[in-house]
Amino acid sequence: MQDQATRTSKDFVISRVLDAPRELVWQCFTQPERMQEWWGPKGVKVVRSDMDLRVGGIYHYGMQQPDGSMMWGRQVYREITPPERLVFISSFSYEAGGLGRHPLAPTWPLEMYSIYTFEEMPDGKTRFTVTWRPHNATDSERAAFDAGHASMTGGWSGTIDKLEAYVLKG
């Protein structure tokens with residue numbers, strides 16, 4: 001059951017058809033060595049990629065920004081349905097792995113309910129879709145989320161561009 005905060009914000013959804021088989025796209029999200037090659041917004045480099053891919057397990061990662069600063073994140077898995085769907089709670093983090101606030105947006109939701117779907121398409125292509133919504137959020141966090149859809153579109157577009165380039169390399 002979703003909490004009231006989850007139901008009151010407008011979901012953020014972005015989707016793209018990738019010229020790659022679903023199994024490969026799935027592996028890009030479930031193998032930490034692959035995540036390290038492409039994950040994150042343009043200009044960042046993943047320098048740590050630790051994954052415990054099981055319900056209750058955590059993916060903890062560190063991204064180095066172009067200015068050298070670090071940004072940490074984590075995903076706590078709630079559902080893993082190969083190769084169709086991943087559901088998890090995502091958040092910013094600290095190097096040690098604890099729950100953290102967005103370093104540049106203090107009113108951003110502490111936790112995000114995240115759904116990734118991988119839909120097999122004709123001709124060996126895959127439709128990848130991200131659905132995000134605030135989880136256990138305050139009114140101000142939901143407002144920040146709702147106001148941030150354009151920024152999320154930019155960030156996710158860059159991330160999916162990196163994924164697309166990675167899968168095209170084979």
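Among residues of the stretch 106-122 being in a loop (DSSP other than H, G, I, E, B) and more than 17 Å from the chain's Cα centre (by Cα), the one that is surrounded by the most Cβ atoms within 10 Å (Cβ to Cβ) is Thr107.
Among the residues making up the stretch 42-66, those that are under 16 Å from Phe29 (Cβ atoms) and either out of contact with any Phe, Trp or Tyr (no Cβ under 6 Å at 6 or more places or on another chain) or basic (Lys, Arg) (or both) are Asp50, Asp52, Leu53, Arg54, Ile58, Tyr59, His60, Tyr61, Met63.
Just one residue in the set Arg16, Arg34, Arg54 is farther than 15 Å from Ser114 by Cβ and either part of a strand (DSSP E or B) or aliphatic (A, V, I, L, M) (or both); that residue is Arg16. Of everything in the stretch 123-170 that is of a type in the set (D, E, K, R) and in contact with an Asp or Glu (Cβ under 8 Å, 6 or more places away or on another chain), the residue that is surrounded by the most Cβ atoms within 10 Å (Cβ to Cβ) is Arg133.
Does Ala96 meet the test of being closer than 21 Å to Ile14 by Cα, of a type outside the set (D, E, K, R) and either in contact with a strand residue (DSSP E or B) (Cβ under 9 Å, 6 or more places away or on another chain) or outside any strand (DSSP E or B) (or both)? Judged against the criteria, Ala96 is not a match. Residue pairs whose Cβ atoms lie under 7 Å apart, separated by 6 or more positions or on different chains, with the first residue in the stretch 102-125 and within 28 Å of Gly62 (Cα to Cα) and the second surrounded by fewer than 13 Cβ atoms within 10 Å (Cβ to Cβ) and small (Gly, Ala, Ser), are Thr107/Ser140.
For the stretch 123-170, the tally of residues that are part of a strand (DSSP E or B) and not polar (S, T, N, Q) stands at 7. Mind checking whether some residue in the stretch 78-91 is under 18 Å from Gly158 (Cβ atoms) and in a helix (DSSP H, G or I)? Checked against the condition, which is being under 18 Å from Gly158 (Cβ atoms) and in a helix (DSSP H, G or I), the stretch 78-91 yields no hits at all. Just one of (1) part of a loop (DSSP other than H, G, I, E, B); (2) touching a Gly at 6+ places or on another chain (Cβ under 6 Å); (3) surrounded by fewer than 15 Cβ atoms within 10 Å (Cβ to Cβ) fails for Gly43. It is (2). When restricted to residues that are in contact with a Pro (Cβ under 6 Å, 6 or more places away or on another chain) and among the acidic types (Asp, Glu), the stretch 114-170 contains 1. Listed by first and then second residue, the pairs with beta-carbon distance under 8 Å, at least 6 apart or on different chains, first residue in the stretch 1-22 and at pLDDT below 95 and of a type in the set (Gly, Ala, Ser), second surrounded by 17 or more Cβ atoms within 10 Å (Cβ to Cβ) and in a helix (DSSP H, G or I), are Ala5/Glu141; Ala5/Arg142; Ser9/Arg142; Ser9/Phe145. Taken as a whole, the condition of being in contact with a Phe, Trp or Tyr (Cβ under 9 Å, 6 or more places away or on another chain), at pLDDT 95 or above and either loosely packed, with under 13 Cβ neighbours inside 10 Å or under 19 Å from Arg133 (Cβ atoms) (or both) applies to Val76.
For the stretch 48-72: of the residues being among the hydrophobic types (A, V, I, L, M, F, W, C) and within 14 Å of Ile89 (Cβ to Cβ), which is surrounded by the most Cβ atoms within 10 Å (Cβ to Cβ)? In this case the residue turns out to be Ile58.
The values are calculated or read from the model by the stated rules, or taken from the named source; none is laboratory data. On a predicted model such as this, the values are computed, not experimentally measured, just so you know. Cβ: placed from backbone, ideal geometry, glycine included. Neighbour counts: every protein chain shown.
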